[in-house]
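This report refers to the structure that appears directly beneath it.
The values are calculated or read from the model by the stated rules, or taken from the named source; none is laboratory data. Everything numeric in this text was worked out from a predicted model, so none of it was measured. Reconstructed Cβ throughout: ideal geometry from the backbone, glycine too, with neighbour counts over all protein chains shown. Keep in mind that these areas ignore ligands, DNA and RNA; they rest on the heavy atoms of the full protein, side chains included. Shrake-Rupley method; radii C 1.70, N 1.55, O 1.52, S 1.80 Å.
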Amino acid sequence: MDRFDDPIRDRTPRIHGNIRHSESQRFSSIAELRLAILVFFFVGMFSHAGAYDPLDPNGNITIKWDVMSWTPDGYVAAVTMNNFQTYRHIMTPGWTLGWSWAKKEVIWSMVGAQATEQGDCSKFKGTIPHCCKRTPTIVDLLPGVPYNQQFTNCCKGGVISSYGQDPAGAVSAFQVSVGLAGTSNKTVKLPKNFTLLGPGPGYTCGPATIVPSTTFFTPDRRRKTQALMTWNVTCTYSQFLASKNPSCCVSLSSFYNETIVPCPNCACGCKGKSNCIKSDSKLLSRAGINTPRKDNAPLLQCTHHMCPIRVHWHVKINYKEYWRVKVAITNFNYRLNYTQWTLVMQHPNLNNVTQVFSFDYKPLVPYQSINDTGMFYGMKYYNDLLMEAGPSGNVQSEILLQKNKDTFSLKQGWGFPRKVYFNGDECMLPPPDTYPFLPNSAPVKVLLLPTFLALAIFSLIFIG
């Protein structure tokens with residue numbers, strides 16, 4: 001077949017009747033089609049798939065701007081950040097929000113948050129604005145600020161809970177007074193180029209979109225008011241954008257096999273191996289070794305996997321109608337405590353959890369017909385804080401599951417999780433062929449090894 005005789009192209013004249021194309025046009029069309037397919041594939045793989053979480057398909061952070069009043073040169077807006085992600089939260093040091101003004105707007109004042117830089121306000125003679133930068137960067141206030149600087153749902157140091165763990169804490173808000181802006185719905189220009197750090201990279205924000213005005217009820221709920229204008233910004237998370245390497249790994253063990261399957265070597269990358277610190281190093285007794293740095297650079301314990309977090313799954317006991325699993329999370333970062341941590345695991349028997357002993361548990365059912373995923377998180381004031389690396393740097397629990405006689409098995413790694421997420425990031429699992437196996441179901445190559453050796457010895461003695 002000639003290289004121009006493409007079956008797809010050859011059907012074109014029959015579909016379009018009498019339309020004819022020259023050989024060069026036909027070749028160009030095929031090349032463009034193939035290029036479009038490649039572009040669609042790569043864009044879909046790295047952009048859409050990276051920001052789409054199949055276990056939390058509707059998860060996002062929505063930033064809502066409600067214009068509450070007009071001022072002589074602008075407006076006063078209430079900005080609310082709602083975290084609709086089921087198991088991904090924003091931990092300390094908190095969120096950082098940025099955008100670009102469409103015109104020459106300034107921020108006259110803020111309540112419940114602050115701009116990190118004031119910028120050049122030299123052209124103002126009287127009252128000096130809070131921020132004159134064209135691209136302001138906003139952070140939350142710390143707890144304990146004076147009451148006159150507080151706003152509803154503010155002042156938590158930028159920490160926002162996941163919606164599945166604490167819906168009431170999955171919101172942060174502040175008030176901003178904007179000047180040199182429009183003073184009506186028709187003259188206001190929406191901010192653009194929104195960015196969100198939570199606290200590191202990974203979030204991508206779409207453009208601001210005008211939506212129906214938010215409505216509010218008075219405390220007695222007898223009167224309803226509404227914002228003068230409202231726009232939304234939606235931000236989605238991509239682990240691919242956050243880091244090219246995983247941030248956690250999984251190790252496995254079982255009661256029926258002495259083998260402990262460790263995390264894969266360099267599971268989280270080994271670039272930091274030159275800066276790691278051994279668990280018995282005298283440097284750990286130095287003052288300030290655990291103090292977090294401004295750039296959030298970790299100080300990891302030297303391990304073969306170099307992950308800040310390891311999740312261990314141990315098949316502990318096999319009863320007649322139940323089986324028990326022990327799960328342990330270990331922190332290898334000497335500079336970071338994990339507050340309000342979350343652990344998500346996928347296993348077919350999670351549809352029949354009988355009891356979870358030391359963690360809180362919530363089933364995740366994004367698709368009503370499938371119930372194989374669960375979210376585990378620490379009990380408040382008991383183990384919801386995972387301490388830094390060291391003797392206290394771990395939390396653990398046991399899970400009792402009821403067997404389904406039609407599906408339960410300990411063969412071929414069925415008893416181990418399919419996916420594991422810590423704080424919303426997927427962890428690296430060991431290769432399936434390394435999973436602990438039952439003593440009576442060893443791989444064929446292991447069973448044949450003694451036979452092979454016997455034949456080799458027989459050959460050497462009697463034939464050689």
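Here region 402-420 is the region considered, the condition is being outside any loop (DSSP other than H, G, I, E, B) and out of contact with any helix residue (DSSP H, G or I) (no Cβ under 9 Å at 6 or more places or on another chain), and the residue that is most open to solvent (accessible area, probe 1.4 Å) is Lys419. Take the conditions (1) more than 20 Å from Lys316 (Cβ to Cβ); (2) assigned to a loop (DSSP other than H, G, I, E, B); (3) in contact with a strand residue (DSSP E or B) (Cβ under 8 Å, 6 or more places away or on another chain); Tyr381 misses just one of them, which is (3).
So which of Gly112, Gly126, Gly94, Gly119 ends up being in contact with an Asp or Glu (Cβ under 6 Å, 6 or more places away or on another chain) and not aliphatic (A, V, I, L, M)? Spell out how you get there, then give the answer.
On the way: Gly112 fails: in contact with an Asp or Glu (Cβ under 6 Å, 6 or more places away or on another chain); Gly126 fails: in contact with an Asp or Glu (Cβ under 6 Å, 6 or more places away or on another chain); Gly119 fails: in contact with an Asp or Glu (Cβ under 6 Å, 6 or more places away or on another chain).
The conditions single out Gly94.
Of the numbered criteria (1) assigned to a loop (DSSP other than H, G, I, E, B); (2) closer than 30 Å to Phe376 by Cα, the one Ser122 fails is (2).
Residues in region 206-250 that are aliphatic (A, V, I, L, M) and either part of a loop (DSSP other than H, G, I, E, B) or touching a Pro at 6+ places or on another chain (Cβ under 8 Å) (or both): Ala208, Ala227, Leu228, Val233, Leu241, Ala242, Val250.
Per-residue answers, yes or no, for (1) on the phi > 0 side of the Ramachandran plot; (2) under 30 Å from the mean Cα position of the chain (by Cα); (3) open to solvent by less than 30 Å² (accessible area, probe 1.4 Å); (4) modelled with pLDDT of 95 or more:
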{"site": "His48", "(1), (2), (3), (4)": "no, yes, no, no"}
{"site": "Asp53", "(1), (2), (3), (4)": "no, yes, yes, no"}
{"site": "Asp56", "(1), (2), (3), (4)": "no, yes, yes, no"}
{"site": "Asp66", "(1), (2), (3), (4)": "no, yes, yes, yes"}
{"site": "Thr71", "(1), (2), (3), (4)": "no, no, no, yes"}
{"site": "Asn83", "(1), (2), (3), (4)": "no, yes, yes, yes"}
{"site": "Ser100", "(1), (2), (3), (4)": "no, yes, yes, yes"}
{"site": "Ile107", "(1), (2), (3), (4)": "no, no, yes, yes"}
{"site": "Val111", "(1), (2), (3), (4)": "no, yes, no, yes"}
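Within region 200-223, does at least one residue satisfy the condition of being modelled with pLDDT of 95 or more, aromatic (Phe, Trp, Tyr) and more than 22 Å from Tyr75 (Cβ to Cβ)? Yes, that holds for at least one residue. Within region 279-320, the set of residues being basic (Lys, Arg), in a loop (DSSP other than H, G, I, E, B) and modelled with pLDDT under 90 comprises Arg286, Arg293, Lys294. The lone criterion from (1) farther than 30 Å from Leu197 by Cα; (2) among the aliphatic types (A, V, I, L, M); (3) at pLDDT 95 or above left unmet by Ile30 is number (3).
Applying the set (1) in contact (Cβ under 8 Å) with a residue 24 or more places away in the chain; (2) at negative phi; (3) not basic (Lys, Arg) to Met306 leaves exactly one unmet item: (2). Here Cys268 fulfils each of the conditions (1) touching a Pro at 6+ places or on another chain (Cβ under 6 Å); (2) in a loop (DSSP other than H, G, I, E, B); (3) surrounded by fewer than 15 Cβ atoms within 10 Å (Cβ to Cβ) apart from (3).
Remark: pairs (first residue in region 239-258, free of Cβ contacts under 8 Å to residues at least 40 places away in the same chain; second residue of a type in the set (A, V, I, L, M, F, W, C) and part of a strand (DSSP E or B); Cβ separation under 9 Å; 6+ apart in sequence or on different chains) = Asn245/Met428. Summed over region 275-320, the residues that are closer than 19 Å to Gln396 by Cα, surrounded by fewer than 17 Cβ atoms within 10 Å (Cβ to Cβ) and basic (Lys, Arg) give a count of 1.
Can you pull out every residue in region 366-379 that is open to solvent by 70 Å² or more (accessible area, probe 1.4 Å) and either at pLDDT 90 or above or within 22 Å of Phe408 (Cβ to Cβ) (or both)? I'd like the intermediate steps shown before the answer.
Looking only at region 366-379, we keep the residues that are open to solvent by 70 Å² or more (accessible area, probe 1.4 Å), and these are 367-370.
Within region 366-379, Ser369, Ile370 qualify.
Within region 169-183, not a single residue is farther than 30 Å from Asp56 by Cβ and touching a Cys at 6+ places or on another chain (Cβ under 6 Å). Go through the residues of region 227-242 one by one and say whether even a single one is surrounded by fewer than 16 Cβ atoms within 10 Å (Cβ to Cβ), within 26 Å of the chain's Cα centre (by Cα) and small (Gly, Ala, Ser). Scanning region 227-242, I find no residue that is surrounded by fewer than 16 Cβ atoms within 10 Å (Cβ to Cβ), within 26 Å of the chain's Cα centre (by Cα) and small (Gly, Ala, Ser), so the answer is no. The test for being closer than 22 Å to Gly182 by Cα and surrounded by 20 or more Cβ atoms within 10 Å (Cβ to Cβ) does not hold for Ile128.
Looking only at residues in region 138-191 that are in a loop (DSSP other than H, G, I, E, B) and among the charged types (D, E, K, R), which one is surrounded by the most Cβ atoms within 10 Å (Cβ to Cβ)? Step through it out loud before you land on a result.
Quick first cut of region 138-191, residues in a loop (DSSP other than H, G, I, E, B) only: 141-146, 150-159, 161-166, 170, 180-191.
Checking the rest, the ones that are also among the charged types (D, E, K, R) come to 156, 166, 186, 189.
Working: Lys156: 20, Asp166: 17, Lys186: 6, Lys189: 12.
Per the criteria, the residue is Lys156.
Can you confirm whether Leu350 is farther than 30 Å from Gly288 by Cα and in a strand (DSSP E or B)? Criteria not met by Leu350.
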